[in-house]
Every structure is written in structure tokens, then in C-alpha cells.
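A.B. asks: To start, I am sharing the structure in question, which I have written as C-alpha cells.
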Amino acid sequence: DRKNGASYDLGDNTFTCGRRPDALKFWAMYKFYGKQGLGARVDEKVQILKVFVERIRSSNGTFWLACDPWPFNVNFYYVPPRLRQRMLVWKRKTQQEQFPKEQGTTNN
């Protein structure tokens with residue numbers, strides 16, 4: 001059973017869509033770069049991802065992470081200027097409710 005409108009889906013007829021072509025592309029990369037080269041490329045992408053996440057976190061509310069990043073997936077959204085201040089206030093309030101200060105301690 002196919003979804004309604006599937007006859008208009010051109011992806012089924014293209015080489016780049018699907019698991020078999022992905023497996024072929026991976027095999028070709030493995031043959032070209034080898035085990036060490038492919039590993040180095042993955043390590044490089046992980047470092048780029050970490051820099052990207054840090055830029056999102058340091059964007060002063062312009063961008064927010066939708067959830068914690070996990071390998072090769074970073075979900076984020078843009079916050080328009082008119083909502084940034086409200087979102088930052090909401091975030092502070094939410095954090096204070098989740099992590100109330102204990103009496104007699106200070107937060108440095």
C-alpha cells in the first residue's frame with residue numbers, strides 16, 4: 001500500500017534516493033579513503049558539529065537548540081528579534097523552577 005499521491009513521487013526513479021545507493025556511495029568512499037581516511041573525515045565532521053553547537057549556544061538567543069545534539073543531528077530554531085527577550089525571560093524562569101536555589105548557598 002502506497003500513500004496517496006505516491007505516483008507523483010519522483011524519488012523512486014532516481015539513483016540518489018534509497019538505501020542501496022547510499023550503500024554504494026559508502027562503499028565507494030571506503031574504497032577511496034580507506035579505513036583511516038574515512039575515520040579522519042568522521043572525526044573532522046564531529047569537530048565541526050561541536051563548533052556549530054557552540055555557535056548556536058553563544059548566539060545570545062538568536063538561535064536555540066531544540067534538544068541536546070546527538071551524533072550528526074543538531075535540531076535548532078531561529079528566534080525572531082521581537083520574541084528573543086520574552087524567550088530569555090521564560091528560559092530563566094523555567095530554569096529557576098527546575099533548579100531552585102537552596103537556602104544558605106549562593107550561585108557564583
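A.B. asks: Among the residues of segment 81-88, are any surrounded by fewer than 10 Cβ atoms within 10 Å (Cβ to Cβ) and out of contact with any Pro (no Cβ under 7 Å at 6 or more places or on another chain)?
C.D. replies: Yes, some residue in segment 81-88 is surrounded by fewer than 10 Cβ atoms within 10 Å (Cβ to Cβ) and out of contact with any Pro (no Cβ under 7 Å at 6 or more places or on another chain).
A.B. asks: Which residues, taken from segment 37-63, are on the phi < 0 side of the Ramachandran plot and assigned to a loop (DSSP other than H, G, I, E, B)? First the steps, then the outcome.
C.D. replies: Step one: list which residues in segment 37-63 are on the phi < 0 side of the Ramachandran plot, which gives 37-59, 62-63.
Across segment 37-63, the qualifying residues are 58, 59, 62.
A.B. asks: Also: Can you name the residue in segment 51-80 that is farther than 26 Å from residue 41 by Cα and among the β-branched types (Val, Ile, Thr) and is also surrounded by the most Cβ atoms within 10 Å (Cβ to Cβ) among such residues?
C.D. replies: The residue in question is 79.
A.B. asks: Does residue 34 satisfy being open to solvent by less than 100 Å² (accessible area, probe 1.4 Å) and either within 23 Å of residue 74 (Cα to Cα) or in contact (Cβ under 8 Å) with a residue 12 or more places away in the chain (or both)?
C.D. replies: Details: open to solvent by less than 100 Å² (accessible area, probe 1.4 Å): yes; either within 23 Å of residue 74 (Cα to Cα) or in contact (Cβ under 8 Å) with a residue 12 or more places away in the chain (or both): no.
Spelling it out, it is not the case that residue 34 is open to solvent by less than 100 Å² (accessible area, probe 1.4 Å) and either within 23 Å of residue 74 (Cα to Cα) or in contact (Cβ under 8 Å) with a residue 12 or more places away in the chain (or both).
The values are calculated or read from the model by the stated rules, or taken from the named source; none is laboratory data. Everything quoted here is computed from the prediction, not taken from an experiment. Heads up, the Cβs are rebuilt from the backbone with ideal geometry, glycines too, and the neighbour counts pull from every protein chain shown. Areas reflect the complete protein model, heavy atoms only, side chains present, ligands, DNA and RNA absent. Shrake-Rupley method; radii C 1.70, N 1.55, O 1.52, S 1.80 Å.
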